[in-house]
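First up is the structure itself, then whatever we jot down about it.
The values are calculated or read from the model by the stated rules, or taken from the named source; none is laboratory data. Small disclaimer: the values here were computed from a predicted structure and weren't measured. Positions of Cβ are backbone-derived with ideal geometry, glycine not excepted, and every protein chain shown enters the neighbour counts.
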C-alpha cells in the first residue's frame, strides 16, 4: 500500500426536499452574494430553480444567475461567468445541475480571483491556490463532481477537453443531494450516469499496486451496489430507494476512498475525452464504448486484475486460465451496459467511421507519450484499443 | 434510504514516517502551543514521542505533555489535562496513541473552553459547541476515534462509561497514520483492535432500514478486508501491507460511510461498556464476547440480516431456513475470533461469575429502558444476551 492523503470536507446533505437548505448552507459557508449556474430549462420547468431561489431569499442572500451551460461545457461559458461574477461582486458559486454545470461553476470560482486567463489552470501552467467557495444542488448522479476538487472543461478553439484535478480548494463546501430530483431523468441520462460512475471506480480499481485489499473491496462493493440499483431503475424509473442508491454510489465512487493507497489509471477517461471533444457524444455513453475496449485489450496484456474483477463483481467462476475469466467478466460488463440500452461500439454511439488517427494524435498532444498506469499505453496500444471499440 | 448528513473534514496523512509531519500539520490547522497527550511509556521507548517533539520544534511550536492515560480512560485525567491546558494557555491538542488517548484529548479540548464541568457533555445536559482543535498520531488501529467526533470516558465515581457523540466540533483536524507504528503491537492488542473495528461496522450493518444496498456493500467489503488482513497479521506480525490494510479499515469502519442512510444499532457497544466499566476488561475483548451473543439472540428474534451477513461476509451457502444460515454465520465469526486468540465467553474473558443483574441495571441506568434499534432490547432481552455470553 502506498502512502496517501485523504480529505473530503464537503458537507453532503442527502434526502428529500433538501434543496430547501441551500440558503442556510450558503450562509453557513460564508456566502453573501451568489452566482447560480445552471444548464437547460429543465431546472426552471421542474420548479427546482425557484425553490433554490426561495431558499436563498429566505436566508437573505442575493443572487444572480447564469443559465445555458451545455454538456461538455466550454471555456466560453466560463469567461462569461467570470465577467458576470466580477461585475456583481459575487462571493459564492452555486451550481444547480450535473457535472457540466458543477465543473463550469468551479472554473468560474477559480477564474474570478485570478488575474490571468483561467485556462492556465487547465493547461497546467499554474496551480489553483484560491477560489470562491462552491455549493452544489445535484440533479444528475454521474460525474462525482459534487464530491471532488476536479473540473473538466473543453477549450472551444481546438476542441481540447481537459481535466483539472485540485484538492480541497475547488471541492464543494456543501452538496445537496435529493434523489427525488433524479426520478424524472430519462433512462438515457440515467444509463450514461451509471457508466460514468462505474468508470470512476474502475479507473481506480485497475492498478499494479499490491496489498490494498481494503480499497479493492470498497470498489467491488460500490460496483455491485450500482449494478443492482441500475437493474431496478431501468424498469422502475420512479423507485426512490434505487435512485438514492445510485445517487450516493456516484458520490462514493469519486470521493477518493476507492483510490487511496495506490496508483490510479484514468486511461479510459482520457481516451473518451477525445471522443467527446471531437464528436460531442455524452461522456458516459463514450465510456460505455471505451472502457470495455480498454478492458478487452487488458485481458491480453495484463489479465490478472481483470480476472479478479470478473470473479468478485460478476461472480464469474474461478478458471485456471485467467484470460478466459477476464474475458468473461468483460462480456458481463458489456451485457450489463446493453441491458440498460447503452452503446458498446463506436457505431452504436453513432460514429460509423471514427477518425482514429485524429483521436490518437490529439490524445498524445493533450496527455503526452504514455497514457494510463495499469499498462502504460503508447500510440500503437491506444490505436488498438480504439480499433477494439469499433 | 433515510436522509442523512455526511461530512468528514479530517485530513488523513497515511504512510511511512508520516509522524514527521506533526509540526507542519499543527501549524496548518492553527496551532501555536500544543498539549501532547499520551498513554504508557511505549511511545517514549519506541522513540515516537521524540520524533513528534522534534517535528513540533522544527515548526516552531512549543508544547507541554500529559502522559499516563490508561485504557478505559477516566475523568480524573481529563480534569488534570484541563487544568494543565489552562495554566499553559494551550490552543491545540495532540493525541499520540490509541482510542483512550484520543478520547481523553477530545474531552480536554471540549472542557478547556467550557466554564462548567466537562462531564456535562457526557451526561448529555449540554452539547459541545466549541473545542480546541485536535490532531492525532495514531498508534493502535481500533477505536476509529481518529476519524470521529466521538469520545468515550469513564466516570470513576460509579464506573459509568459514557460515549459522547458530536459532529465536526471534536473531529480531529488531522490524523497521522503510519502503519509502521503498529508493527510492534502485541497479537492481543491487534486482535482486540480487530474485534472493535469489526463491531463498528456491525453496529451499523444491523438495521431495519431497507433500501440502503450501497451502505451494506461497503460494510461487507470492510469486514472482508479486515478478516483477510487479520489472518495474515496473526502469523506474520511484521507484514506492512496487512498492517496498513487493518489501520485504514479501522478508519473506514468509523468514518461514517458504513452507516449513512439508516438507523444504526450500537446495543453491543452499550452492553460491552458496562462490562468494561465493571470488570475493566479491554473493550475489543469484551466486544468479542458480547457481539456474538447479541447475534445469537438475533438469530432467534430477527434472523434476516444475520443470514445476509452469513452469506456475503462468510460465504455461507443459501439455505431455505434463514435461522440456520444466520447461526452458521455467527459460528464463523466466533471461529474467526478464536483463530486470532480472542475470548468469546465471559469465562474466557476471565469473568467466571459475571454479575448480570448489576450489568443490566447499570446499563438501563445509563441508557434508558430500551437499548439498540435492530431489535429494541428490554431488560429481559439484555439479560438473555448476557446469559448467552457465559
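When segment A:22-45 is examined, which residues are found to be surrounded by fewer than 20 Cβ atoms within 10 Å (Cβ to Cβ), under 20 Å from residue A:146 (Cβ atoms) and at pLDDT 95 or above?
A:24, A:27, A:28, A:29, A:30, listed by residue number.
Yes or no: segment A:83-98 includes at least one residue that is at pLDDT below 95 and either more than 14 Å from chain B (Cβ to nearest Cβ) or touching a helix residue (DSSP H, G or I) at 6+ places or on another chain (Cβ under 6 Å) (or both).
Looking for residues that are at pLDDT below 95 and either more than 14 Å from chain B (Cβ to nearest Cβ) or touching a helix residue (DSSP H, G or I) at 6+ places or on another chain (Cβ under 6 Å) (or both), one finds none in segment A:83-98, hence no.
Tell me whether segment B:29-50 contains one or more residues that are within 14 Å of chain A (Cβ to nearest Cβ) and within 23 Å of residue B:132 (Cα to Cα).
Yes: segment B:29-50 contains one or more residues that are within 14 Å of chain A (Cβ to nearest Cβ) and within 23 Å of residue B:132 (Cα to Cα).
All but one of (1) within 30 Å of residue B:275 (Cβ to Cβ); (2) exposed (fewer than 14 other Cβ atoms within 10 Å of the Cβ) hold for residue B:98; state the number of the condition that does not hold.
Only one criterion is unmet by residue B:98, namely (2).
May I ask you to list pairs of residues, at least six apart or on different chains, whose Cβ atoms are under 8 Å apart, with the first in segment B:1-20 being at positive phi and facing another protein chain (nearest Cβ under 7 Å) and the second being in a strand (DSSP E or B) and modelled with pLDDT of 95 or more?
Between residues of segment B:1-20 that are at positive phi and facing another protein chain (nearest Cβ under 7 Å) and residues that are in a strand (DSSP E or B) and modelled with pLDDT of 95 or more, the close pairs are B:15/A:4; B:15/B:177.
Return the residues of segment A:46-89 that are surrounded by 18 or more Cβ atoms within 10 Å (Cβ to Cβ), in contact (Cβ under 8 Å) with a residue 60 or more places away in the chain and over 16 Å from residue A:104 (Cβ atoms); say none if nothing qualifies.
Passing the criteria: A:48, A:52.
Please verify whether residue B:165 is within 14 Å of the chain's Cα centre (by Cα) and assigned by TED's automatic domain parsing to the domain that holds residue B:97, treating the condition exactly as stated.
Yes.
Among B:170, B:159, B:132, which is out of contact with any strand residue (DSSP E or B) (no Cβ under 6 Å at 6 or more places or on another chain) and more than 29 Å from residue B:358 (Cα to Cα)?
B:170
So, of the residues in segment B:255-264 that are under 22 Å from residue B:172 (Cα atoms) and more than 9 Å from every other protein chain (Cβ to nearest Cβ), which turns out to be surrounded by the fewest Cβ atoms within 10 Å (Cβ to Cβ)?
B:256
Collect the residues in segment A:209-221 that are within 7 Å of another protein chain (Cβ to nearest Cβ) and in a helix (DSSP H, G or I), keeping them in residue-number order.
Within segment A:209-221, A:213, A:214, A:217, A:218, A:220, A:221 qualify.
For segment A:229-242: of the residues being within 9 Å of another protein chain (Cβ to nearest Cβ) and in a helix (DSSP H, G or I), which is nearest to residue A:182 (Cα to Cα)?
A:240
I'm told residue B:175 meets every condition in (1) at the interface with another protein chain (Cβ under 10 Å from one of its Cβ atoms); (2) buried (at least 24 other Cβ atoms within 10 Å of the Cβ); (3) in a helix (DSSP H, G or I) except one. Can you identify the failing condition by its number?
Here residue B:175 meets the rest and fails (3).
Go through (1) away from chain A (no Cβ under 13 Å); (2) closer than 28 Å to residue B:297 by Cα; (3) within 17 Å of the chain's Cα centre (by Cα) and name the single condition residue B:206 misses.
(3)
Of the conditions (1) farther than 26 Å from residue B:161 by Cα; (2) crowded, with 21+ Cβ neighbours inside 10 Å; (3) under 22 Å from the mean Cα position of the chain (by Cα), residue B:15 satisfies every one except a single condition; which number is it?
Of the numbered conditions (1) farther than 26 Å from residue B:161 by Cα; (2) crowded, with 21+ Cβ neighbours inside 10 Å; (3) under 22 Å from the mean Cα position of the chain (by Cα), the odd one out for residue B:15 is (2).
Assess whether residue B:151 counts as being away from chain A (no Cβ under 14 Å), surrounded by fewer than 22 Cβ atoms within 10 Å (Cβ to Cβ) and either under 30 Å from residue B:93 (Cα atoms) or without any contact (Cβ under 8 Å) to a residue 24 or more places away in the chain (or both).
So residue B:151 does not fit the description; no.
Can you tell which of B:252, B:289, B:275 is within 23 Å of residue B:165 (Cβ to Cβ), more than 11 Å from chain A (Cβ to nearest Cβ) and surrounded by 24 or more Cβ atoms within 10 Å (Cβ to Cβ)?
B:275
Looking for whichever is under 18 Å from the mean Cα position of the chain (by Cα), more than 21 Å from residue A:329 (Cα to Cα) and touching a residue at least 12 places away in the same chain (Cβ under 8 Å) here; the options are A:247, A:198. Which one fits?
Step by step, each of A:247, A:198 is checked, and only A:247 is under 18 Å from the mean Cα position of the chain (by Cα), more than 21 Å from residue A:329 (Cα to Cα) and touching a residue at least 12 places away in the same chain (Cβ under 8 Å).
Within segment A:315-333, count every residue that is surrounded by fewer than 20 Cβ atoms within 10 Å (Cβ to Cβ) and within 17 Å of residue A:203 (Cα to Cα).
Number satisfying all stated conditions: 0.
Could you tell me whether residue B:267 is surrounded by 22 or more Cβ atoms within 10 Å (Cβ to Cβ) and more than 14 Å from chain A (Cβ to nearest Cβ)?
Spelling it out, residue B:267 is indeed surrounded by 22 or more Cβ atoms within 10 Å (Cβ to Cβ) and more than 14 Å from chain A (Cβ to nearest Cβ).
Confirm whether residue A:259 is out of contact with any helix residue (DSSP H, G or I) (no Cβ under 8 Å at 6 or more places or on another chain) and not in a helix (DSSP H, G or I).
no
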